[in-house]
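Values in this text are rule-based calculations from the coordinates and carry no lab data. Quick caveat: nothing in here was measured; it's all calculated off a predicted structure. Note that each Cβ is placed from the backbone with ideal geometry, even for glycine, and that neighbours are counted across all protein chains shown.
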Amino acid sequence: MCASENCWLPAAGGGCANSAVRSCLCWSTLCPRYALPGASEHCSDPKHCANLPMALRGTVMQRFVIPFSLSAAAMLGSIQPAPAAELDATRPLQAVPFQDVTIDSPFWNPRLEAHAQSTVEANLYQCEITGRIQNFAVAAGKAEGKHQGFLFNDSDVYKVIEGIAYTLAGRRDKHLEKRADEIIELIEAAQHPDGYLNTYYTLVEPRARWRNIAHGHELYCAGHLIEAAVAYYQATGKRRLLDVACRLADHIDATFGPGKKVDTCGHEEIELALVKLYRATQQPRYLELARFFLDVRGRADLRPLFGEYAQDHLPVREQTEVVGHAVRAMYLFCGMIDVASATSDQSLLANLERIWQDITERKMYVTGGIGSSGSNEGFTRPYDLPNDSAYAETCAAIGLALWNHRMFLLSGDGKYADVLERAVYNGLLSGVSLSGDRFFYTNPLASRGQHERVPWFACACCPSNVVRYVPSIGERAYAVGRDGVWTVLYMGSTARVQHRDRQIELVQETNYPWDGGITLLVNPQPEGEFALYLRIPAWCDEPFHLAVNGERIEPPPVERGYVALRRHWKSGDVVRLDLPMPVRRVYADPQVRANVGRVALARGPIVYCLEQADHPEGVRRLALPRDAALEAVYEAELLQGVVVIRGEAVALTGRSDEGEPQVEAVPFQAIPYCTWANRGRGEMVVWLPESPELAELPGETGIRVGELLVHGSHCNPTDTLEALADGVLPASSADHGLPRMTWWDHRGTREWVAYRFARPRTVSKCAVYWFDDTGRGACRIPRSWRLLWKDGDAWRPVELKPDAAYGTAADQFNAVEFKPVTTRELRLEVELQPEYSGGILEWQVE
């Protein structure tokens, strides 16, 4: 598989020639024959797979190529038939529950401590001062006032309670439990006698119950209430909130279904929640209701559809690629797996592998972030992965982790655990500060210093999602199947696993992810034979070492990312696994235009970045040559203890009159991406240019697209300057299915965009395709425009050829020819229509 920014590709003949390396989502060059087209490491002989270049740990950089080798059709953007699904709804693994895993990890302990002391408190405080909790008191008649905030604000309170439940499972806190019980009492009091519960519709639109299913979020909020109720019951044994959830679910069941209201929620969540409620209560009606909501999605013969944004354009069993809002998509896929697992409905799983390939091959960032566009908080076209404007919502990374954990449990295939791990250690943890009380909503892969975590958001789905995911991380550590126990995410922990009639205690000691050494103490009661499955992450392509009771053993073959140790286990048996962690160079697929000529650094599961706190003069001026020597060093006092990557880069100091870069050698330090922006604002980059020609001089603004520097007077933060030169042709001026550049919300003003060339260039023609969303928004084709070229330090208008004119037609390129000029920079200047903004979908220059 060629990942958009990571890779998994099945080897021809079903596997790689090196049995210790599997064909799956990987961070390493599994076999050079799957290297990038035109890359220096590629071949057509699978035997070379055994001769991959090896790095000396901590000193020499290993090259990492993101392969692309599907087919000509795939290279043009279509999806090829996926291999037969290995997902089996009839034989799922079971996650070892969070309450049966006690974490003792150098990496996770400080984060869980910050979570308990800061994240929970910060979320509770914000829910109090923003009126979210007060809404329940008002709805219950216990307080005066009006509804405050968005119509979906109830969900934040529910997610905080769910997070408190997981926190209490790890450490019982009577004061925290009392606060949760008090909120639960308010929630119960706000419930209607018929079971309905939603503070917005109770207080603001009492006659509009269930009338705005597309956008009203009633079922979404109900789903989060149910998840909170089940978690709180599991953690504390208290049924009060669970009974509230059952009454609400009974009301929903009485409202929706065959012969009743036939509709489904615009924001998926209720489906997976109802399956959790079914598992907690063993009431089949909740499972049938979850299946109903899936079955009617995308059914135009039954109901009006909400479209691609809500994954409601096709029946769920017919969807083959991911579209629309990223978080909604992830929750849908989770619900499909949960219903399939509970009903053995294999048809729900038939296309999930194909969708997974679409995401991981073409639409996922190297950090595990998904959903590149802010305009729909979701997916656009394949390989549209800009760095500066990356949306990559924290909730979406959490959703990706939740879905891939489920995919793993259905298959036992380590490639899904690899994506889970990627999302958790990078795209998810970047969403919360080390102090635990400040949050990112979006997670860009480059910054000019404008990004900073904040205490809260008006739409606070991300902080309240972090508060429930982080303390439940123990549930992603182990799984149990028919013939044994599986490791999933490595972390220091003690797990109590029930396998058939045997209780197995597993005690894991490790400094993962900073070190690949993992020790497992196995204490079965009674002793006996079973399998212990050890995950070999895809990034580990060097020989790993395995020992049992101090004696080195020849590792069994790696199958689907796991080695299986089958033996008669006795109490006190010790397993030692050593996974080498060299530094790796990561290359993106060349169809990701933003990363052509660039490299990212990774070690183990951790993706790295450079930030200005370590480079006061800025990081966008740096380039990392391919032959740069690099080393990994643990810094105990930095960012709560991290492994950094150090080496020598080149810094751009200027350019000659001919545009040739002038450079100097400088030391650099890369830190884990998940820890950036914990030392104040500043520049940050994940993808470093390998040539100084792609670097930026201090003070330059804009986005590099190949050798172009694209900049402008203004760009809406959820749009991108990269759209001007991304080569994607629109279907119309109102095409919302591809990236765009807009000056929103500047209205009626003079604005501009410009191309700065790496070297002087002779140009004589350009064509611009305007963006216009009449009927949907306030962007219009500008009133007028003109071109200017830079002559030394002066801007001069181009001289149009006879009969040439600056066109303002919709749904086409507006081309103009002019007297040739040789320049380093060309500017397009517009006069926006009064009271309207404007934008551009593509700007071509010849």
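Listed values, structure above:
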read-out: Ascending count of other beta-carbon atoms within 10 Å, so fewest first, for Ser344, Ser375; value: Ser344, Ser375
read-out: Counted charge near Leu272, where neighbours are those whose Cβ lies closer than 10 Å (Asp, Glu -1; Lys, Arg +1); value: -3
read-out: Cα-centre dipole for segment 667-780 with unit charges at Cβ (Lys and Arg positive, Asp and Glu negative), debye to 20; value: 260 debye
read-out: Calculated from backbone phi, Karplus (6.51, -1.76, 1.60) coupling profile of segment 645-653 in Hz, x at Gly/Pro; value: 10, 10, x, 10, 10, 10, 10, 6, 10
read-out: Candidate aspartates and glutamates for bridging to Lys178, where Cα separation is under 16 Å - those fewer than 8 sequence places away on the same chain excluded; value: Glu121, Glu128, Glu162, Glu188
read-out: Beta bridge orientation in the chain: antiparallel %, DSSP, nearest 5; value: 95 percent
read-out: For peptides 249-257, 406-414, sequence by mean Cβ density within 10 Å, most packed first; value: 406-414, 249-257
read-out: For Phe771, residues with placed amide H under 5 Å, excluding near neighbours; value: Gly839, Ile840, Leu841
read-out: Euclidean distance between Cα centres, segment 440-494 to segment 608-674, Å; value: 28 Å
read-out: Long-range amide H partners of Ala477 with built H, under 5 Å; value: Leu489
read-out: Order by protection proxy (mean Cβ within 10 Å, highest first), peptides 233-240, 546-553; value: 233-240, 546-553
read-out: Segment 627-642 - phi-based ³J(HN,Hα) in whole Hz, Karplus 6.51/-1.76/1.60, Gly and Pro as x; value: 9, 5, 7, 9, 9, 9, 9, 7, 10, 5, 8, 9, 6, 6, x, 9
read-out: Set of lysines with alpha-carbon distance to Lys801 below 16 Å, sequence-local pairs under 8 removed; value: Lys765, Lys819
read-out: Relative compactness, segment 605-694, computed as alpha-carbon Rg over 2.2 N^0.38 Å; value: 1.12
read-out: Fewest-first ranking of Trp843, Trp687, using other Cβ atoms within 10 Å as the exposure measure; value: Trp843, Trp687
read-out: Eligible lysines near Lys363 by straight Cα distance, threshold 19 Å, same-chain separation 8 or greater; value: Lys415
read-out: Extended-chain gain in nm, criterion 0.36 nm per residue less alpha-carbon gap, Val574 and Arg776; value: 66.4 nm
read-out: Unit charges on C-beta of K, R, D, E only; dipole of segment 84-164, Debye; value: 280 debye
read-out: The chain: C-alpha gyration tensor shape, a/c 1.5 cut-off, then a/b vs b/c; value: oblate
read-out: Positive-end residue of Ala477, Gly449, Leu168, charge dipole of the chain with Cβ unit charges; value: Leu168
read-out: Ordering of 94-101, 333-340, 831-838 by burial proxy (mean other Cβ atoms within 10 Å per residue, highest first); value: 333-340, 94-101, 831-838
